[in-house]
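Please read the structure below before turning to the comments.
The values are calculated or read from the model by the stated rules, or taken from the named source; none is laboratory data. Because the structure is predicted, anything quoted here is derived from the model rather than measured. FYI the Cβ positions are ideal-geometry reconstructions off the backbone, even for glycines, and counts take in every protein chain you see.
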Amino acid sequence: MTTGGAMDRPIKRSFARRHRRLLIGGGTCAIAALSVVLVSASLSRRSVRLPAASLTISTVAVGDYHDSIPLQGKVAAHDTVLLDALAGGRVDRVLALPGDMVQKGQPLVALSNSALELDVLEREARLIESVTQLQSYQTSLEQSRLANDKALADIDYNIVRLTRSLGRRDVLAAKGAEPAELKDQVADELAYDRKIRPIQAQGNQSQDLLRRQQLPQIRAQITKLQQDVVITRGMLDNLVLRAPAAGRLTALAVKVGENRNQGESFGEITLPTGFKIAADVDEYYLGRLQKGQAATVQVGDQTARLHVLRIYPEVKNGVFTVDLDFDGPSPAGLIPGQAVQGKLALGRDATALILPAGAFLERSGGDWVFVVDKDGHSASRRRIKIGRRNSDQVEILGGLAPGDQVITSDYTGLERIDRISIEN
């Protein structure tokens, strides 16, 4: 028989049973926290699997760095002369064709301009009238000088004549053979001539000084006006466009009947001074290029040596232009516009830590690379520092050591990847 006390005794449960819900909740939280840690770790070190056949792996090594870049250019005439219209007008005749060899001064195009012809005639008439007036004044000054000299000579003659006459009349008057009145008259004339002689001489001297000052100015003005007449007449000569130098007429864009303005370009003449190479160079090398740097190009089966002649620093579409001149005579057989290839030296060869250049530079810019781990089954992202580079080589300044294996193929899509698993 069971007593009531036995029926009312409490039953004790285990800790696990009593805290089952708490343990389940805590476990769930722990799993969630672990998952967050694992996901965070995965995000901080993202990886990708790539087949080995799709990768190019190169070895870092110490060697000779060839400080040069590939050169692609075109053959161009060394010197050209532009043909500009010295006067505007209507094209009457075309006297030469593109491709012709022309001599200096040879007529190429004949123009007509009625308004210019009338203007030249009016200017010429005015200039000639001015020249005539100055020449008349010059003649007047000379005639005045001659008249003054003659007047002074007449006074001197009268003084001599009257002096002799007065002497004879003194003798006659003393003998009573001639009236004293005639003697006094001659004496008065002689005194007058002696008095006006210094006045005439001083006037002659002043006018002669003035004439000497004016004559050079008049002659200079006449010479200038005569030159203006020649220049004015030359304006009509400008209606005939002539070759300024001997050479080949490579361009002449004119048609009979069309009107051309003064200063317009008609074409160009290529001078027989040889050829040069015009090449476009990547703007990356603008600061490293200097006048006189050496280059080579392949012309047929020959290698020709050149040097940088001129640098045009204006950058267009990521490139700038340089002109290169041949060290010696231009190779035979060159044609304007012909494409040539070669190398442009930026400096001397030097020993350096070198990595072969590759497509990876376009994406990484040389700031980072994927270095293959020792096991050869993976590659890790690593920061590096590069120096000079050309089409074949990259100079390594830091981050890599001789013998390191580097993936140098294209890094497209790998910009945010830290590790590559290499699948064989």
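Structure notes:
- Condition check for Ala87: closer than 16 Å to Leu241 by Cα, of a type in the set (Gly, Ala, Ser) and not in a strand (DSSP E or B): yes
- The set of residues in the range 407-424 that are closer than 14 Å to Trp368 by Cβ, aliphatic (A, V, I, L, M) and touching a helix residue (DSSP H, G or I) at 6+ places or on another chain (Cβ under 8 Å) comprises Ile407, Leu414.
- Taking the criterion of being of a type outside the set (S, T, N, Q) and either surrounded by 14 or more Cβ atoms within 10 Å (Cβ to Cβ) or within 19 Å of the chain's Cα centre (by Cα) (or both), the residues of the range 256-275 that qualify are Arg260, Phe266, Gly267, Glu268, Ile269, Leu271, Gly274, Phe275.
- Residue in the range 399-422 that is surrounded by fewer than 19 Cβ atoms within 10 Å (Cβ to Cβ), out of contact with any Pro (no Cβ under 7 Å at 6 or more places or on another chain) and under 30 Å from Ile277 (Cα atoms) present: no
- All of Ile386, Ile335 fail the test of being over 26 Å from Asp418 (Cβ atoms) and either in the same structural domain as Ile417 (by TED's automatic domain parsing) or among the aliphatic types (A, V, I, L, M) (or both), apart from Ile335.
- All conditions but one from (1) within 60 Å of the chain's Cα centre (by Cα); (2) over 22 Å from Ala151 (Cβ atoms) apply to Arg212; the one that does not is (2).
- Some residue of the range 311-329 being touching a residue at least 40 places away in the same chain (Cβ under 8 Å), aromatic (Phe, Trp, Tyr) and over 19 Å from Ala76 (Cα atoms): no
- Scanning the range 140-179 for residues that are of a type in the set (D, E, K, R), assigned to a helix (DSSP H, G or I) and either in contact with a strand residue (DSSP E or B) (Cβ under 7 Å, 6 or more places away or on another chain) or modelled with pLDDT under 85 (or both) yields a count of 4.
- Residue check, Ala77 touching a Phe, Trp or Tyr at 6+ places or on another chain (Cβ under 9 Å) and either closer than 30 Å to Asp325 by Cα or not polar (S, T, N, Q) (or both): yes
- Residue check, Gly176 farther than 21 Å from Met235 by Cβ and touching a residue at least 12 places away in the same chain (Cβ under 8 Å): no
- Residues that are in a loop (DSSP other than H, G, I, E, B), over 21 Å from Gly376 (Cα atoms) and either touching a residue at least 60 places away in the same chain (Cβ under 8 Å) or of a type outside the set (Ser, Thr, Tyr) (or both), drawn from the range 392-414: Asp392, Gly413
- Some residue of the range 232-241 being without any contact (Cβ under 8 Å) to a residue 40 or more places away in the chain and not acidic (Asp, Glu): yes
- The range 328-360: number of residues that are over 18 Å from Leu289 (Cα atoms), of a type outside the set (A, V, I, L, M, F, W, C) and not in a strand (DSSP E or B): 9
- When the range 361-371 is limited to residues that are part of a strand (DSSP E or B) and among the aliphatic types (A, V, I, L, M), the one that is farthest from Gln405 (Cα to Cα) turns out to be Val369.
- Residue that is surrounded by the fewest Cβ atoms within 10 Å (Cβ to Cβ), among those in the range 100-139 that are in a strand (DSSP E or B) and among the aliphatic types (A, V, I, L, M): Met101
- Residues (touching a Lys or Arg at 6+ places or on another chain (Cβ under 8 Å), among the small types (Gly, Ala, Ser) and modelled with pLDDT of 90 or more) located in the range 77-109: Gly105
- Test set (1) within 30 Å of Asp79 (Cα to Cα); (2) in contact with a Phe, Trp or Tyr (Cβ under 9 Å, 6 or more places away or on another chain) - Asp237 fails condition number: (2)
- Qualifying residue in the range 276-284 (condition: among the aromatic types (Phe, Trp, Tyr) and surrounded by 15 or more Cβ atoms within 10 Å (Cβ to Cβ)): no
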